[in-house]
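Before any comments, here is the structure.
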Amino acid sequence: GFFDVAPRINRYDSMPITTSPIVIPEFMAKVGRSAGVDLLIFGIVNTYDSRTVHEIKKEEKDAHTGNYRTEYYSENGVQKSRQVEIIGKKIEEIPTARRQAAISFKAYALKPKDGKYAGKDLIEDMKTVSAEGQFDINRLPSEQYMLSELTDKLADVFVANITPHEVTEYLKLESNKACRAGVKLAKKNDWAGAMEIWETAANANPGDHIAIYNLGVGYEFQRDYEKARDQYRIAMKLSNKPLYNEAWVRVHDIIQQDVKLKIQLKGH
């Protein structure tokens, strides 16, 4: 994966870091620096519980009584009779079980170098399984297994949150007479043709902020974030549309995150 996991350091195994739900970042940063790690992951467990509830489900069912009654009926004008068993009712008791595991914890990822958090999440989930009849009850997963499975799932969620990953952005294009044909091409995924039209429009009219903004969208789609930011900056100078500012902030954040990631990777 993205991280190299350091082995747990024995001298911290029984160390009473805190006896309250209050986390002291400065102290945890010292622990991380002492351990020589780039990222320290720790947390506070609020709930780590499992339980099994056994109940008896009662169902009313038909039951043979062994008693019969005479039933008369007519067939082709002839009176006949037959013996029909009297069906009674009985209450059947069915054992049931509901097994539940629940975990809730506050997870932290702290960078020891500067004492800042790379991520903080309240992560919680619950899993419930149930069965009827002793045979199926015996086949339910154990409470410990359910807790272990849930722990792995929530740990994966937290790691995914702090690991660099792609986020899908829906980029909005603007349109005017000079740019309309380019927008149509972009929607057909012909970005090269679209950008040629917008570039021609921007060169013909340097004040056409829509053409310039759309060029930025094209560069962003191609992941050329530096050029996209430049186009968005020019569009912002020509118009105060909130959309232009949002686009500039978006790619600027991506560039800053990329710089931070490259610095982190140099340390590995």
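What follows draws every value from the coordinates through simple rules; no lab data is involved. In this text, all values refer to a predicted model and were calculated from it rather than measured experimentally. Glycine also receives a Cβ, built like all others from the backbone with ideal geometry; neighbour counts cover every protein chain displayed.
Need one number: nm distance between label points at E85 and N245, each 7 Å from Cα along Cα→Cβ, rounded to one decimal.
8.3 nm
Hey, could you pull the Cα Rg and Dmax for the chain, both in Å?
Computed over the Cα atoms of the chain, radius of gyration and Dmax are 34.1, 105 Å.
Let's test this: bin the Cα-Cα distances of the range 191-264 at 5 Å from zero up to the farthest pair and state each bin's percent.
3, 19, 26, 22, 15, 7, 4, 2, 0
What FRET efficiency do you get for E55 and A35 if R0 is 45 Å and r is their Cβ-Cβ distance, rounded to the nearest 0.05?
0.40
Averaging the inverse of every distinct alpha carbon separation and then flipping it gives the Kirkwood radius. What is it for the range 191-232, in angstrom units?
That comes to 9.8 Å for the range 191-232.
Per DSSP H run of at least 4 residues, take -39500 (n - 2.57); add these up for the chain, divide by its residues and hand me the 222 nm value, nearest 500 deg cm²/dmol.
Numbers: 8 runs with 110 residues, N = 268.
Helices in the chain give a 222 nm mean residue ellipticity of -13000 deg cm²/dmol.
Rounded to the nearest 0.05, what FRET efficiency do K260 and F135 give with R0 = 45 Å and r taken as the Cβ-Cβ distance? Could you check?
Computed FRET efficiency for K260 and F135: 0.20.
Treating the angle as unsigned and between 0 and 90°, give the value, to the nearest 10°, between the Cα long axis of helix 143-162 and the longest Cα principal axis of the chain.
Orientation of helix 143-162: about 20 degrees from the principal axis.
So for the range 163-233, what percent of the C-alpha to C-alpha distances run longer than 19 Å?
For the range 163-233, the share of Cα pairs beyond 19 Å comes to 28 percent.
For the chain, take the longest principal axis of its alpha carbons; what is the angle in degrees between that and the long axis of helix 242-266, to the nearest 10 within 0 to 90?
Compared with the principal axis, the helix lies near 90 degrees.
What are the extents of the Cα atoms of the range 15-118 along their three principal axes, in Å, largest first?
102, 28, 19
Could you check which residue among R69, R180, R99 shows the biggest mean-square fluctuation in a GNM of the chain with a 10 Å Cα cutoff?
R69
Using 22 Å as the Cα-Cα cut-off, could you pick out the over-long pairs in K58/K127; K106/K153; K111/K153? Before the final figure, lay out each step's value.
On the way: K58/K127 26 Å; K106/K153 15 Å; K111/K153 24 Å.
As for pairs spanning more than 22 Å Cα to Cα, those are K58/K127; K111/K153.
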